[in-house]
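Quick notes on the structure that follows.
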Amino acid sequence: MYNESENNDEEYMRQLYERFRAEVTAGGAISYYETDELLDIYDYAQDEGDAMVQMFVFLTASRLHPDNREFDERLAFFLSYVSQDSAGEMIQRGGRTDSALWDVLRMGVECFPGGNPAPYIDTLLEKYERLDSETLFKLIDLLRDLDRTDLLVHYLPALTKHAEDKRGFSFEVAETIKDNPLYMPQARKIAEQLTAASPFDIEAWLLLARIEFGLEHPEEALAAVDYALAIDPSHFNARIVKGVVLVALPGRRQEAITMLKGILEEDPGNSFALEGLAEAYVRESMRQEACQVYWMIHTSGMTMANGENPIMAIVELRPDDLKQYLEKYYSESEQTEESWHNLALPLIEKGKTEEAALFLDFFQRKQGFRSYVSTYLQVLYGAGMLERFAQVFETIVAEKAANKDTDIYIGLIDYLLLAATYLRLGHKKEAAEVAVAIIGRKDTYSTIEESLRWKGIILTARFIQTLATSPDAPADLADFDPIIADIR
């Protein structure tokens, strides 16, 4: 059943946490808090990933309640993220009361990073008739950190049988395994069971909606979120989920845009709504509007769900004012060629060569590549920016001729691409000269791979030389580009 008291408890804990945090950041004296209040503050801070508040809870508890041992287990887990040795010392501390939570901590200390937790879970099930929520949540976290969610699925029936809060445990398991394609059907089954058992539980319906959406079932996801909104039409998270789901339905994207813009009026910094709105604009071919939203995400400092830099999402869309966006991004802080190169790599891997070339060329015009000049040149060639390739190459060669100590490195593949570039531009004489120079090199190689690569370069250079010196040969290397790509 939908329980309003759960919402009230959550609001109480949030207010308690925010009050404590405000006192910490103000730098003054911290008020008196009961042990249960400090435990609630710690648990809420843990959910928020607020390590600072967690630390101050321990300090405050040691001052206000020096003889209380209820924080020992939490302190041990907190230390385990910093130092396995410190966590191990906490386990060995005398006078502590044995508990399932201590046993889970021991499992983490002794199994991390590559041990087998299965025997420890067997012991846990044999030793304890009931497992409280804190113990099971820590176990879930540990198995996720160990990349052993397979054990979580394997032991799910037994752990559920021992769980004091079976619903809460099942919910957390589904949340944990829902992003693994192998276990998504299992997560959906759990969510369906939760909604069947508690048909007025909004969070269960939203969980089911997210899982269906992950399974690329937008209609089913929409049906689930509509159930949640039928229970509470004003539920903020349910409205966000519905807005994002509607983006995947072509006939309802304008509705999604309206809904997500309404959410952002209430919460301008909501990352889910911002990303959903940007995606809706992209799918509706509204590039300029999408870029404006991605720039808002960038300036807010938020991280996108897929880990992508929002600037690169703008580059990929290639708006008419792309240069202005790059100018603003470039001027924000000191830029290095390594950071600029690394930003372009995902574009290159996705086959967005032209977009990567535009991005890298902007940096070349601003500062110029030295360590990563080969990547830049090869992307230019792949994007068909041949005149720019030849121009940059000739400038680099001139600089190297003028300064023998320059740190700019040009590889043999780059020269091969130069020959191909000249040929395609109709500069056959220059193409032949570069090809002959490559063929005339007398390099030795220590491995079979290097030798085969060298032979491939020579064969390609001879092919280019033949085309460049034959009056009737077309200046077209399109059919030979895959060979060049293999050599690269």
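The values are calculated or read from the model by the stated rules, or taken from the named source; none is laboratory data. Note that this is a predicted model, so its numbers are computed, not measured. Reconstructed Cβ throughout: ideal geometry from the backbone, glycine too, with neighbour counts over all protein chains shown. All accessible areas refer to the heavy atoms of the entire protein, side chains included, with ligands and DNA or RNA removed. Shrake-Rupley method; radii C 1.70, N 1.55, O 1.52, S 1.80 Å.
So GLU337 ticks every box in (1) at pLDDT 95 or above; (2) buried (at least 19 other Cβ atoms within 10 Å of the Cβ) but one. Which box is left unticked?
That leaves (1) as the condition not met.
Working carefully through the options ASP40, ASP72, find the one that is surrounded by 12 or more Cβ atoms within 10 Å (Cβ to Cβ), of a type in the set (D, E, K, R), modelled with pLDDT under 85 and over 27 Å from the mean Cα position of the chain (by Cα).
Just one listed residue meets the conditions, ASP72.
With the condition kept exactly as written, say whether any residue in the range 213-220 is touching a helix residue (DSSP H, G or I) at 6+ places or on another chain (Cβ under 9 Å) and crowded, with 22+ Cβ neighbours inside 10 Å.
Scanning the range 213-220, I find no residue that is touching a helix residue (DSSP H, G or I) at 6+ places or on another chain (Cβ under 9 Å) and crowded, with 22+ Cβ neighbours inside 10 Å, so the answer is no.
Do the conditions hold for LEU124, that is, is it open to solvent by less than 10 Å² (accessible area, probe 1.4 Å), in a helix (DSSP H, G or I), over 29 Å from ILE240 (Cα atoms) and touching an Asp or Glu at 6+ places or on another chain (Cβ under 9 Å)?
In short, yes.
When the residues of the range 289-320 are narrowed to those that are modelled with pLDDT of 95 or more and among the acidic types (Asp, Glu), which ends up farthest from the chain's Cα centre (by Cα)?
Here the answer is GLU289.
Would you mind stating whether TYR227 is closer than 20 Å to LYS189 by Cα, modelled with pLDDT of 95 or more, crowded, with 16+ Cβ neighbours inside 10 Å and of a type in the set (Ser, Thr, Tyr)?
Yes; evaluated as a whole, the condition is true for this residue.
Residue under question is PHE137, and the condition is that it be open to solvent by 10 Å² or more (accessible area, probe 1.4 Å), within 18 Å of VAL109 (Cα to Cα) and touching a residue at least 12 places away in the same chain (Cβ under 8 Å); does it hold?
yes
Can you spot a residue in the range 88-96 that is in contact with a Ser or Thr (Cβ under 9 Å, 6 or more places away or on another chain), assigned to a loop (DSSP other than H, G, I, E, B), within 24 Å of ASP132 (Cβ to Cβ) and modelled with pLDDT under 85?
No, the range 88-96 contains no residue that is in contact with a Ser or Thr (Cβ under 9 Å, 6 or more places away or on another chain), assigned to a loop (DSSP other than H, G, I, E, B), within 24 Å of ASP132 (Cβ to Cβ) and modelled with pLDDT under 85.
I'd like to check something: does the range 385-401 contain any residue that is modelled with pLDDT of 90 or more, open to solvent by 20 Å² or more (accessible area, probe 1.4 Å), of a type outside the set (Lys, Arg) and closer than 19 Å to VAL315 by Cβ?
Yes, the range 385-401 has at least one match.
Go through the range 240-281 residue by residue and tally those that are open to solvent by 50 Å² or more (accessible area, probe 1.4 Å), under 25 Å from the mean Cα position of the chain (by Cα) and either of a type outside the set (Phe, Trp, Tyr) or at positive phi (or both).
The total comes to 4.
Say whether the condition of being within 23 Å of ILE413 (Cα to Cα), under 24 Å from the mean Cα position of the chain (by Cα) and open to solvent by 70 Å² or more (accessible area, probe 1.4 Å) is met by at least one residue in the range 357-367.
Scanning the range 357-367 turns up no residue that is within 23 Å of ILE413 (Cα to Cα), under 24 Å from the mean Cα position of the chain (by Cα) and open to solvent by 70 Å² or more (accessible area, probe 1.4 Å).
State whether the residues of the range 402-409 include one that is more than 27 Å from GLU450 (Cα to Cα), without any contact (Cβ under 8 Å) to a residue 60 or more places away in the chain and in a helix (DSSP H, G or I). Give the steps one after another, and end with the answer.
Looking only at the range 402-409, we keep the residues that are more than 27 Å from GLU450 (Cα to Cα), and these are 402-403.
If we keep only those that are without any contact (Cβ under 8 Å) to a residue 60 or more places away in the chain too, we end up with 402-403.
Right, trim to in a helix (DSSP H, G or I) and you get 402.
Checked against the condition, which is being more than 27 Å from GLU450 (Cα to Cα), without any contact (Cβ under 8 Å) to a residue 60 or more places away in the chain and in a helix (DSSP H, G or I), the range 402-409 yields at least one hit.
I'm trying to understand the selection: among the residues of the range 157-184, which are surrounded by fewer than 18 Cβ atoms within 10 Å (Cβ to Cβ) and either over 23 Å from the mean Cα position of the chain (by Cα) or aromatic (Phe, Trp, Tyr) (or both)?
PRO157, ALA158, THR160, LYS161, GLU164, ASP165, LYS166, ARG167, GLY168
Answer yes if at least one residue in the range 403-426 is of a type in the set (A, V, I, L, M, F, W, C), farther than 23 Å from GLN465 by Cβ and open to solvent by 30 Å² or more (accessible area, probe 1.4 Å), and no otherwise.
No, because not a single residue in the range 403-426 is of a type in the set (A, V, I, L, M, F, W, C), farther than 23 Å from GLN465 by Cβ and open to solvent by 30 Å² or more (accessible area, probe 1.4 Å).
Would you point out the residue of the range 20-37, among those that are touching a Leu at 6+ places or on another chain (Cβ under 9 Å) and outside any helix (DSSP H, G or I), that is least open to solvent (accessible area, probe 1.4 Å)?
Filtering the range 20-37 for residues that are touching a Leu at 6+ places or on another chain (Cβ under 9 Å) and outside any helix (DSSP H, G or I), the one least open to solvent (accessible area, probe 1.4 Å) comes out as TYR33.
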